[in-house]
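Working notes for the structure below.
The values are calculated or read from the model by the stated rules, or taken from the named source; none is laboratory data. Please read these numbers as outputs of a predicted model, since none were measured by experiment. Cβ sites come from the backbone with ideal geometry, for glycine too, and all protein chains shown count toward neighbours.
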Amino acid sequence: MSHLTDFQIFLILSILKIAVVLVITLTAVAYTVLLERKLLGRMQNRWGPSRVGPFGLLQPLADGIKLFLKEDLMPMASERPLFILAPIIALSCALISVAVVPFGAVTRIAGVDMFDISDINIGLLVILGITSIGVYGIALSGWSSNNKFALLGSLRATSQVISYELALGLSLVGVVLRAGSLRLRDIVDSQAGHGLFSWNLIGGGQIIAFFIYLMAAYAETNRAPFDLPEAESELVAGYHTEYSSMKFAMFFMAEYANMITVACVATLLFLGGASSPFGNLLPTPTSPIIAAILPIFWFVLKVFSFLCLYIWVRATVPRFRYDQLMSFGWKFLLPVAILNIIATSLVLALRG
Amino acid sequence: MQLALFIIFGLLAVAGAINFLLQRHPINSALSLIVVMMSLAVLYWSLGAEFLAAAQVIVYSGAVMVLFVFVVMLLNAGEEERTHGSRAAYFAGIPGATAIFCLLSFVFLTNGKAFGSTDLINHLTHTTNNIAEISQVLFRDLLLPFEVTSVLILVAILGAVVLARKEQ
Amino acid sequence: MAPIAAPDQINPGIEDVLADAERHHHGSDPIADQTMVINMGPQHPSTHGVLRLVLEIDGETVVSMAPDIGYLHTGIEKTCEAKFYQQVVPLTDRIDYLSPMTNNTAYALAVEKLLDLEIPEKAQWLRVLFNELMRLNSHLVWLGTHAMDIGALTVFLYCFREREQLLRIFEAVSGQRMMTSYIRIGGVSMEPPLGLFDDIRAFLLDFPSKIDEYESLLQNNPIWINRLKDVGHISREDAIALGVTGPVLRAAGVDFDLRRDMPYSSYEKFQFKVPVSTDSDVWARYILRMEEMRESVKICLQALDGMPEGRIVADAPKIILPDREQMKTQMESLIHHFKIVTEGFAVPAGEATSSVEAAHGMMNYYVVSDGTSKPYRVHMRNADYANLQALETMCKGRLLADVVAVIGSLDIVLGAIDR
């Protein structure tokens with residue numbers, strides 16, 4: 001490797017990282033679907049997928065093949081370019097945000113941090129920005145389908161996502177204030193001191209912010225109880241009513257990729273990221289491989305539990321009505337989020 | 001690298017802007033405008049103003065333009081009819097635009113030094129804190145104008161609500 | 001995405017519905033008012049079968065609506081005229097397919113009135129028992145689908161878990177899970193198998209705790225409360241004028257239950273409460289049906305406790321098929337069997353109606369006989385049809401999501417509407 005320049009090494013390793021993370025994320029998306037179906041099944045007195053492979057583990061593969069082989073319908077009255085563009089926007093925005101997530105401890109190989117595609121000093125804002133671009137996928141899909149249900153669904157989705165983005169962003173301000181940085185690594189480091197007790201969720205006093213984030217995140221990802229845009233009992237399937245085959249699959253994957261992103265952000269911001277929940281109680285691993293893998297294990301575990309929470313909520317609660325959703329977001333979450341910011345900054349100011 | 005980014009996204013911004021003018025369907029124009037906004041964000045970033053870039057994306061592309069698209073969708077605006085425009089625009093517009101373009105280029109090229117320069121190296125290596133600087137300016141040095149602006153926006157919002165409210 | 005300017009070519013018949021909506025309902029014009037006409041159904045996840053609703057919406061608010069029915073029309077009423085009286089029973093199963101035995105009962109009561117048959121007490125009590133189990137069955141499906149429409153997925157499967165037990169009971173007693181045809185003219189089709197009453201009792205004793213379980217998932221959930229309260233209001237007068245019956249009417253403050261007010265099949269011997277509410281919203285209907293389920297359990301237990309001994313069919317050899325054993329040993333029985341199966345039995349000319357309180361409301365059967373062995377006319381009047389008429393009154397000016405909640409609360413079965 002010595003004949004390569006630093007930049008070339010950086011480039012090669014970056015492409016490698018991107019490829020690996022992309023593959024892992026897409027696999028994770030597929031298996032999140034399976035996880036949801038299994039878990040939901042168990043909560044509802046049924047088995048969930050159990051026929052394809054052991055414990056239904058090959059179900060995502062079968063689903064993928066099925067979706068690939070389906071006929072790709074193109075509605076006659078649709079706005080063709082936008083109709084095709086919309087799922088691409090949705091999926092790519094959902095996947096890009098993973099790029100700034102640090103999912104392990106800093107581990108450098110040839111000067112390149114291996115467990116973080118890019119360590120940006122405004123990582124959090126990048127995630128928020130990309131999420132806000134993802135709205136176009138939904139908005140355009142509904143409009144370009146030229147279907148009334150799709151239009152209604154996308155109107156609902158767009159207004160919901162814009163409204164809850166405010167509460168979401170404001171709920172994160174407390175965390176940012178505590179960390180004094182928008183860089184995700186800094187935010188994680190600010191909670192790494194004493195394991196569980198220095199997490200923003202517990203020790204950091206950001207528990208209110210966490211719940212605001214939780215609700216806003218459910219709304220952002222259009223999941224129950226905020227799944228109005230695709231409320232099958234009202235709008236058939238919402239904005240992706242007209243989509244079939246891989247274009248539908250892209251929306252589907254985008255939804256689950258968004259769930260994973262949201263879970264990652266929650267982990268980073270409130271649950272101490274890749275740090276151990278036991279702080280210094282566990283002995284520092286001596287082997288460098290374990291030292292590299294253990295944080296990833298914690299990270300994945302936290303993301304996994306957050307996803308399970310997501311699914312649990314879906315199995316439990318009914319759906320909001322549109323006006324109730326709006327008043328909940330604007331009249332409850334937003335003021336509480338602002339109060340939380342004021343309280344947090346007062347505490348920080350008084351402590352010096 | 002920076003030059004490459006500048007050329008790519010600068011061209012993209014210009015192309016988007018031209019497309020914005022030429023497209024006949026309002027939603028396509030709105031989308032071109034988003035491309036312009038995003039390219040500008042990248043340009044900001046390459047100049048070391050990453051916070052500004054993020055704000056540009058979140059506020060302009062993520063919120064303002066979504067509302068534009070929203071309105072276009074709701075109003076169901078169809079394709080615009082092509083008009084010949086007013087004759088005055090042809091006679092006065094083209095020479096006027098050329099004149100302004102020349103004037104601006106002249107000013108920028110001759111007085112380039114007077115605009116000062118940014119501390120690009122420190123910004124790109126993150127040694128100076130961009131956000132801290134912006135907040136210093138916004139919330140300490142220019143607090144009063146900042147608050148006055150927000151009141152102004154509030155007034156505008158209230159005005160919009162009053163105008164849009166249905167008569168009971 | 002224009003509001004419909006020209007008649008939609010993909011939906012033949014929409015012109016009529018649109019014109020009708022314009023003439024009768026509000027006189028608004030979709031184009032001038034910037035409203036949108038959407039077509040809910042007939043293949044829509046929450047219209048409970050094949051109901052089609054043409055909704056005119058302004059944003060999310062419903063301006064007007066017109067239900068369009070007939071997608072499940074099977075011509076059962078007409079078919080009845082070509083069948084012997086006893087052959088009509090399986091057809092009635094398919095009317096309100098969530099409570100087949102209630103249909104059977106209503107039909108049997110009407111024909112028995114024409115025949116002037118005396119039904120033995122045990123048969124009557126069995127009818128009460130299974131009618132109430134049918135009410136549980138129907139209400140369970142209602143609760144599950146209603147909750148699923150509102151978005152609570154899990155309740156649906158919990159309800160179907162209990163419904164499965166009920167279906168097993170029906171299968172044990174009649175050999176069929178859904179199309180039971182258990183209740184026949186003159187009684188019931190056969191003796192319940194040994195041990196079935198114990199199974200039913202075990203189920204009934206366990207069932208109230210299951211109701212508590214559903215309530216724990218729904219009743220205190222603020223989202224559920226917000227979705228249901230003050231939605232789908234209908235005034236007492238409107239409800240009566242529209243001919244609404246059943247839980248929907250009782251939720252509107254009218255204390256009317258045929259089981260108590262016009263007892264049939266010895267309902268007068270049972271003690272039960274008729275829950276009534278005056279709120280007349282979806283929430284009131286929900287609470288009311290939950291209460292009804294608890295009351296039904298009590299009625300069933302009373303029926304099991306006091307089940308009389310005796311015959312299960314009337315003593316009318318020319319009308320009721322004889323025992324298998326008698327048929328094979330006695331000449332007379334064999335002849336009767338042969339006659340009933342091949343040429344039916346003649347019913348004295350005349351007309352009769354019967355009214356029973358089905359799970360969805362008042363169920364009437366009107367049977368006209370011309371003295372032959374086939375009915376001249378059988379007309380079924382189900383609550384669902386009348387209740388559906390109240391939909392527009394309940395939904396006008398509300399949000400799209402409320403329509404779904406209201407449809408759920410009306411608890412309609414399209415089989416009973418289209419016949």
Quick one: C:Q389 ticks every box in (1) farther than 23 Å from C:D255 by Cα; (2) surrounded by fewer than 18 Cβ atoms within 10 Å (Cβ to Cβ) except a single one, so which number is it? (1)
Every residue from segment C:162-199 that is touching a Leu at 6+ places or on another chain (Cβ under 8 Å), part of a loop (DSSP other than H, G, I, E, B) and crowded, with 17+ Cβ neighbours inside 10 Å: C:I185, C:G186, C:P192
Can you tell me which of (1) on the phi < 0 side of the Ramachandran plot; (2) over 19 Å from the mean Cα position of the chain (by Cα); (3) not acidic (D, E) is the one C:N137 doesn't meet? (2)
Quick check on segment A:314-341: of everything there that is within 11 Å of another protein chain (Cβ to nearest Cβ) and within 21 Å of the chain's Cα centre (by Cα), which residue is surrounded by the most Cβ atoms within 10 Å (Cβ to Cβ)? A:R319
Keeping to segment A:91-140, report how many residues are over 24 Å from A:W298 (Cα atoms), surrounded by 21 or more Cβ atoms within 10 Å (Cβ to Cβ) and away from chain B (no Cβ under 14 Å). 1
Restricting the search to segment A:31-84, which residues are hydroxyl-bearing (S, T, Y), over 30 Å from B:M73 (Cβ atoms) and over 24 Å from the mean Cα position of the chain (by Cα)? A:S50
Within segment C:241-256, is even one residue acidic (D, E) and either at pLDDT below 90 or surrounded by 18 or more Cβ atoms within 10 Å (Cβ to Cβ) (or both)? yes
Taking C:L109, is it touching a strand residue (DSSP E or B) at 6+ places or on another chain (Cβ under 7 Å), of a type in the set (A, V, I, L, M) and assigned by TED's automatic domain parsing to the domain that holds C:L410? yes
Kindly establish whether C:V276 is among the β-branched types (V, I, T), closer than 30 Å to A:L325 by Cα and touching a Leu at 6+ places or on another chain (Cβ under 9 Å). no
For segment C:360-382, state whether one or more residues are in contact with a Ser or Thr (Cβ under 7 Å, 6 or more places away or on another chain), more than 14 Å from every other protein chain (Cβ to nearest Cβ) and assigned to a helix (DSSP H, G or I). no
Matching residues in segment A:154-163 - criterion: being within 11 Å of chain C (Cβ to nearest Cβ) and either of a type in the set (A, V, I, L, M) or buried (at least 24 other Cβ atoms within 10 Å of the Cβ) (or both): A:S154, A:L155, A:R156
Positions within segment A:21-76 being without any contact (Cβ under 8 Å) to a residue 60 or more places away in the chain, polar (S, T, N, Q) and outside any loop (DSSP other than H, G, I, E, B), in sequence order: A:T27, A:Q59
Any residue at all in segment A:164-175 that's more than 9 Å from every other protein chain (Cβ to nearest Cβ), in a helix (DSSP H, G or I) and hydroxyl-bearing (S, T, Y)? yes
Would a scan of segment A:116-129 turn up a residue that is outside any loop (DSSP other than H, G, I, E, B), closer than 19 Å to A:M246 by Cα and hydrophobic (A, V, I, L, M, F, W, C)? no
Please find, within segment B:112-141, the residue that is farthest from A:S181 (Cα to Cα) out of those that are over 22 Å from the mean Cα position of the chain (by Cα) and modelled with pLDDT of 75 or more. B:D141
Applying the selection to segment B:35-72, what residues are hydroxyl-bearing (S, T, Y) and facing chain A (nearest Cβ under 8 Å)? B:S61
Scan segment A:49-68 for residues that are touching a helix residue (DSSP H, G or I) at 6+ places or on another chain (Cβ under 8 Å), surrounded by fewer than 15 Cβ atoms within 10 Å (Cβ to Cβ) and under 24 Å from A:N147 (Cβ atoms) and jot them down. A:F68
In segment B:16-30, which residue that is in contact (Cβ under 8 Å) with a residue 12 or more places away in the chain and in a helix (DSSP H, G or I) is nearest to B:A63 (Cα to Cα)? B:A30
What do you reckon, is C:M307 without any contact (Cβ under 8 Å) to a residue 60 or more places away in the chain and either more than 14 Å from every other protein chain (Cβ to nearest Cβ) or among the hydroxyl-bearing types (S, T, Y) (or both)? no
Residue hits (segment A:179-197; buried (at least 21 other Cβ atoms within 10 Å of the Cβ) and part of a helix (DSSP H, G or I)) are A:A179, A:L184, A:R185, A:I187, A:V188
Mind checking which pairs have a first residue in segment C:257-270 that is assigned by TED's automatic domain parsing to the domain that holds C:E291 and a second that is surrounded by fewer than 21 Cβ atoms within 10 Å (Cβ to Cβ) and outside any helix (DSSP H, G or I), Cβ under 6 Å, 6 or more apart or different chains? C:D257/C:V274; C:L258/C:S355; C:R260/C:V274
Selection from segment C:40-70 of residues that are over 18 Å from the mean Cα position of the chain (by Cα) and either away from every other protein chain (no Cβ under 14 Å) or farther than 24 Å from C:A152 by Cα (or both): C:V54, C:L55, C:E56, C:I57, C:D58, C:G59, C:V63, C:S64, C:M65, C:A66, C:P67, C:D68
List pairs: first residue in segment B:132-143 and in contact (Cβ under 8 Å) with a residue 12 or more places away in the chain, second residue part of a helix (DSSP H, G or I) and not charged (D, E, K, R) anywhere in the structure, Cβ distance under 8 angstrom, at least six positions apart or on different chains. B:I134/B:F51; B:I134/B:L52
